[in-house]
Amino acid sequence: MSFKGVYKTVWIEDEYHVVLHCPSYHDIREKFIDPEFITPKNIYTFCNLFSTECDLCVCQLAMFVYHMFKLRKSSYLNVE
């Protein structure tokens, strides 16, 4: 799926983009994901986040995904 909103170009809304870069999810990213896992924003920090054995970090990532989908769904409902 691609998304064109804040951007002047079209981005693929894949896991890497959503978790690290998408400005639509900036606030929930800051709330739920430890900056250690998203700074700098590159494939290495992304892999570290998705391969962590820290239970709290996994729960926070799950909360991010939950709230991201809630926000995404409400955004699409408001457009239609």
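What helices (runs of 4 or more DSSP H), lying completely within the range 11-80, carry at least 2 residues that are acidic (Asp, Glu) and free of Cβ contacts under 8 Å to residues at least 12 places away in the same chain?
Helices (runs of 4 or more DSSP H) meeting the threshold: 26-32.
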Test set (1) modelled with pLDDT of 95 or more; (2) part of a loop (DSSP other than H, G, I, E, B); (3) not charged (D, E, K, R) - Val6 fails condition number: (1)
Selected residue (criterion: nearest to Tyr76 (Cα to Cα)) from residues of the range 6-47 that are of a type in the set (A, V, I, L, M, F, W, C) and open to solvent by 60 Å² or more (accessible area, probe 1.4 Å): Val6
Selection count where residues are open to solvent by 70 Å² or more (accessible area, probe 1.4 Å) and either over 13 Å from Val19 (Cα atoms) or over 11 Å from the mean Cα position of the chain (by Cα) (or both), scope the range 48-70: 9
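The values are calculated or read from the model by the stated rules, or taken from the named source; none is laboratory data. Here the structure is a predicted model, which means the values were calculated and not measured. All Cβ positions, glycine included, derive from the backbone under ideal geometry; neighbour counts span all protein chains shown. Each accessible area value is taken on the protein alone, full model and side chains, heavy atoms only, with ligands, DNA and RNA left out. Shrake-Rupley method; radii C 1.70, N 1.55, O 1.52, S 1.80 Å.
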